[in-house]
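Report on the structure given below.
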Amino acid sequence: MTDVPAPQNTKRTGFQALEVDTRLLGMIGAFLVICICFNVLTDGRFLTPRNIFNLTIQTVSVAIMATGMVFVIVTRHIDLAVGALLATCSAFMAMLQTRYLPDLFGLGLGHPLTPWITIIAGLAVGTLIGAFQGWLVGYLAIPAFIVTLGGLLVWRNVAWYQTSGQTIGPLDTTFMKFGGINGTLGETWSWIFGVLAVIWALYALWSARRAKLAHGFPVKPAWAETTIGGIIAVGILGFIAILNAYEIPSRRLERMFEARGEVMPEGFTASYGLPISVLLLIAVAVVMTLIAQRTRLGRYIFATGGNPDAAELSGINTRMLTVKVFALMGALCAISAVVASARLTNHSNDIGTLDELRVIAAAVIGGTALAGGIGTIYGAILGALIMQSLQSGMAMVGVDAPLQNIVVGTVLVAAVLIDTIYRKKTGGR
Amino acid sequence: MAPLCEMRDISISFGGVRAVDGVSIHVNPGEVVGLLGHNGAGKSTLIKILSGAYKADGGEIYVEGQKANITSPRDARRYNIETIYQTLALADNLDAASNLFLGRELTNWMGFVDDDRMEAETRKIMARLNPNFKKLKEPVSALSGGQRQSVAIARAVYFNAKILIMDEPTAALGVHETQMVAELIQELKKQGLGIFLISHDTREMLELCDRVSVMKNGQLIGTERVEDVTEDDILSMIIMGKKPDQAA
């Protein structure tokens with residue numbers, strides 16, 4: 001046979017040349033439709049900088065855990081204990097920073113090390129509990145459903161026991177900066193972050209293309225690559241612009257100046273900018289995506305989900321892998337505990353209640369298949385965002401509470417149905 | 001000269017059932033040894049002990065005359081023993097390159113998996129094994145049986161196997177693809193590999209193998225050179241569990 005170049009790459013229409021994930025487009029489309037509908041129903045109150053700011057900080061806690069749930073579900077397990085584990089971590093960190101550290105260890109209130117010791121200890125507790133659950137699943141072969149169903153009861157009440165059911169607060173002021181409105185970057189730093197993110201994204205696109213060319217692989221046409229780069233840049237900078245458009249109310253600014261013993265200049269304005277909790281979510285998303293796509297751990301997670309026997313026969317220690325996946329999930333619960341309790345400025349006994357369902361729903365709406373082997377980090381985050389917009393949109397419109405949950409539950413089932421049909425049509429499984 | 005690989009007096013039980021009972025087989029360089037027998041005769045179990053999937057209760061394994069300690073698939077790979085399983089053992093959701101390198105990913109200086117380099121290596125080896133193979137980016141679930149089999153074979157060949165175990169390599173394949181596997185086995189033989197082949201197809205085995213070992217109920221009935229036996233002899237060994245000269 002003569003060496004004829006394969007004709008498959010030549011006849012592609014403009015849109016196909018972009019090689020974008022159609023499912024991602026579908027999810028973004030669904031999100032936009034939801035946003036526009038609510039915006040019409042609320043006479044333009046839904047798509048204001050203020051509401052978008054609130055929406056993002058409300059999403060962070062669930063979204064962080066959803067990225068970990070992707071790995072858990074991809075390896076054919078489930079974690080029903082994330083909300084309860086969040087509560088245990090939150091209770092432990094609240095007690096640590098308000099009671100144990102100031103009193104037992106004599107650091108006193110407001111010591112500069114308090115928040116950092118608290119966060120590190122909280123992360124350690126979350127990781128250890130997660131690893132323990134993973135050990136029960138991986139080494140003792142108890143189904144994850146049972147282990148974490150038990151965990152749901154155990155950790156929810158360990159949290160209760162630690163605090164005797166009291167609300168613990170106020171938390172350390174530095175600690176509370178991770179919660180959202182209490183800790184934001186401000187206008188200038190938000191722009192600097194946005195520009196850096198754009199530069200990094202464009203560089204990543206460019207270097208991936210260069211690596212493909214170096215190996216002689218087919219690449220997208222240059223215009224397609226440029227278009228995608230342009231969309232990403234506009235997306236990032238647009239998001240920053242919206243957050244920066246949310247200005248701190250002047251009453252609150254006045255009080256901030258008064259606290260410093262100054263007088264606010266006439267006509268002074270300042271923006272909240274990018275919340276630190278959102279920055280944390282972005283960092284988690286980047287790290288989790290790197291793990292999923294570029295590390296052996298990620299490769300083994302997906303291989304094990306696709307075919308556990310094949311993974312084992314390839315020399316992968318699937319039991320240890322289970323421990324690692326659950327430990328990672330535990331660590332993410334602890335991070336979410338920081339964000340959730342900091343946002344509320346205290347630890348309350350019902351923190352994280354029903355979060356396990358929101359987290360699983362976010363991962364599943366985001367395209368994670370319960371049969372294992374398939375799922376993306378960005379999908380789970382988008383899933384969390386869609387759930388949160390539905391919930392807060394309906395609250396803004398004034399839908400009755402029971403109806404809200406009926407709608408959310410229906411949307412979850414419908415989303416999975418659409419996904420199943422989509423997979424059949426595109427030939428996946 | 002010591003055989004390339006020898007399994008001596010291997011036994012394994014599962015819950016009181018002796019799945020393999022004191023079986024000894026060996027393979028020389030450039031030789032194909034076939035394992036025949038009914039379902040449940042213990043062929044696959046025996047071979048899974050060599051590939052590290054099961055741990056034997058008794059017996060020893062020698063590779064190139066040295067005693068080998070194989071307790072996991074990773075150990076087997078260290079001794080250059082590669083296995084192509086009946087069930088193909090591919091992760092359906094991953095692409096060909098990820099499957100080929102599964103458990104042995106190429107990484108860059110930062111320790112991240114280097115997908116581009118793995119894809120380039122996969123293209124190279126596939127050009128040799130199966131020039132029609134083009135679907136490098138798709139998950140292997142989208143491939144045909146023959147294409148999947150060539151991924152599994154590429155995995156064994158790429159890592160310089162000395163001892164190759166093929167468990168029903170042609171079970172899921174069409175005529176043309178079966179022919180391809182047969183040619184490949186001849187090619188690998190020439191390169192001096194020792195191959196253990198498991199199959200139900202007696203005729204195919206007599207064509208491909210130098211020697212055949214027949215198992216029944218976990219025990220080795222006998223090992224014969226293919227020149228010395230007819231298909232009927234082998235069948236009577238499989239069915240009656242007796243060597244042909246003993247058959248009344």
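For this structure, a couple of remarks:
- The set of residues in segment B:115-124 that are more than 9 Å from chain A (Cβ to nearest Cβ) and either among the polar types (S, T, N, Q) or more than 27 Å from the chain's Cα centre (by Cα) (or both) contains only B:122.
- Pairs where the first residue, in segment A:290-302, is more than 9 Å from residue B:113 (Cα to Cα) and the second is in a helix (DSSP H, G or I) and among the basic types (Lys, Arg), C-beta under 8 Å, 6+ apart: A:297/A:324
- Taken together, the residues in segment A:217-274 that are among the β-branched types (Val, Ile, Thr) and more than 30 Å from residue B:134 (Cα to Cα) amount to 9.
Yes/no matrix, rows are residues, columns are (1) at negative phi; (2) more than 14 Å from chain B (Cβ to nearest Cβ); (3) touching an Asp or Glu at 6+ places or on another chain (Cβ under 8 Å); (4) assigned to a helix (DSSP H, G or I):
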{"residue": "A:305", "(1), (2), (3), (4)": "yes, no, no, yes"}
{"residue": "A:312", "(1), (2), (3), (4)": "yes, no, no, yes"}
{"residue": "A:321", "(1), (2), (3), (4)": "yes, no, no, yes"}
{"residue": "A:324", "(1), (2), (3), (4)": "yes, yes, no, yes"}
{"residue": "A:329", "(1), (2), (3), (4)": "yes, yes, yes, yes"}
{"residue": "A:334", "(1), (2), (3), (4)": "yes, yes, no, yes"}
{"residue": "A:339", "(1), (2), (3), (4)": "yes, yes, no, yes"}
{"residue": "A:361", "(1), (2), (3), (4)": "yes, yes, no, yes"}
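- Residue check for residue A:352: more than 14 Å from every other protein chain (Cβ to nearest Cβ), outside any helix (DSSP H, G or I) and out of contact with any Asp or Glu (no Cβ under 6 Å at 6 or more places or on another chain): yes
- Members of segment B:60-77 found to be among the basic types (Lys, Arg) and exposed (fewer than 15 other Cβ atoms within 10 Å of the Cβ), listed by number: B:67
- For segment B:50-67, a residue qualifies if it is free of Cβ contacts under 8 Å to residues at least 60 places away in the same chain and either within 22 Å of residue B:18 (Cα to Cα) or small (Gly, Ala, Ser) (or both), and the qualifying residues are B:52, B:53, B:54, B:55, B:56, B:57, B:58, B:59, B:60, B:61.
- When A:313, A:328 are checked against the criterion of being of a type outside the set (Lys, Arg), more than 19 Å from the chain's Cα centre (by Cα), buried (at least 19 other Cβ atoms within 10 Å of the Cβ) and in the same structural domain as residue A:134 (by TED's automatic domain parsing), A:313 stands alone in meeting it.
- Qualifying residue in segment A:385-398 (condition: on the phi > 0 side of the Ramachandran plot and either buried (at least 24 other Cβ atoms within 10 Å of the Cβ) or of a type in the set (Gly, Ala, Ser) (or both)): yes
- Residue count for segment B:197-248, restricted to those that are under 21 Å from residue B:183 (Cβ atoms), aliphatic (A, V, I, L, M) and assigned to a helix (DSSP H, G or I): 4
- In segment A:25-47, residue farthest from residue A:278 (Cα to Cα) [restricted to those that are in contact with a helix residue (DSSP H, G or I) (Cβ under 9 Å, 6 or more places away or on another chain) and part of a loop (DSSP other than H, G, I, E, B)]: A:42
- Restricting the search to helices (runs of 4 or more DSSP H) fully inside segment B:24-112 and requiring at least 3 residues that are out of contact with any Cys (no Cβ under 7 Å at 6 or more places or on another chain) and facing chain A (nearest Cβ under 9 Å) gives B:73-78.
- Residues of segment A:97-119 satisfying the condition of being assigned to a loop (DSSP other than H, G, I, E, B) and either touching a Lys or Arg at 6+ places or on another chain (Cβ under 7 Å) or free of Cβ contacts under 8 Å to residues at least 24 places away in the same chain (or both): A:105, A:106, A:107, A:108, A:109, A:111, A:113
- Residue check for residue A:281: surrounded by 22 or more Cβ atoms within 10 Å (Cβ to Cβ) and either hydrophobic (A, V, I, L, M, F, W, C) or within 21 Å of residue A:381 (Cβ to Cβ) (or both): yes
- If you filter segment A:241-258 down to residues that are hydrophobic (A, V, I, L, M, F, W, C) and under 23 Å from the mean Cα position of the chain (by Cα), you find that the one that is surrounded by the most Cβ atoms within 10 Å (Cβ to Cβ) is A:243.
- Residues of segment B:163-196 that are part of a strand (DSSP E or B) and of a type outside the set (Gly, Ala, Ser): B:163, B:164, B:165, B:166, B:167, B:195, B:196.
- Of all residues in segment A:255-281 being assigned to a helix (DSSP H, G or I), more than 21 Å from residue A:330 (Cβ to Cβ) and modelled with pLDDT of 90 or more, the one that is nearest to the other protein chains (Cβ to nearest Cβ): A:279
- Only listed residue being out of contact with any Phe, Trp or Tyr (no Cβ under 7 Å at 6 or more places or on another chain) and over 28 Å from residue A:286 (Cα atoms), chosen from A:403, A:390, A:412, A:370: A:403
- Odd one out for residue A:232 among (1) out of contact with any Lys or Arg (no Cβ under 9 Å at 6 or more places or on another chain); (2) assigned by TED's automatic domain parsing to the domain that holds residue A:137: (2)
- Residue within segment A:365-373 that is among the polar types (S, T, N, Q), within 14 Å of chain B (Cβ to nearest Cβ) and either without any contact (Cβ under 8 Å) to a residue 12 or more places away in the chain or surrounded by fewer than 24 Cβ atoms within 10 Å (Cβ to Cβ) (or both) present: no
- Identity of the residue in segment A:227-240, in contact (Cβ under 8 Å) with a residue 12 or more places away in the chain and of a type in the set (Gly, Ala, Ser), that ends up nearest to the other protein chains (Cβ to nearest Cβ): A:229
- Flag if residue A:261 is surrounded by fewer than 18 Cβ atoms within 10 Å (Cβ to Cβ) and at positive phi: yes
- Flag if residue B:148 is in contact (Cβ under 8 Å) with a residue 24 or more places away in the chain, under 26 Å from residue B:167 (Cβ atoms) and either in a loop (DSSP other than H, G, I, E, B) or within 10 Å of chain A (Cβ to nearest Cβ) (or both): no
- Those residues of segment B:90-144 which are in contact with a Leu (Cβ under 9 Å, 6 or more places away or on another chain) and of a type in the set (Phe, Trp, Tyr), in sequence order: B:112, B:133
- Some residue of segment A:209-226 being away from every other protein chain (no Cβ under 14 Å), charged (D, E, K, R) and either within 21 Å of residue A:198 (Cβ to Cβ) or assigned to a helix (DSSP H, G or I) (or both): yes
The values are calculated or read from the model by the stated rules, or taken from the named source; none is laboratory data. What you see is a predicted model; the values in this text were computed from it and never measured. As a convention, Cβ positions derive from the backbone with ideal geometry for all residues, glycine included, and neighbour counts pool all protein chains shown.
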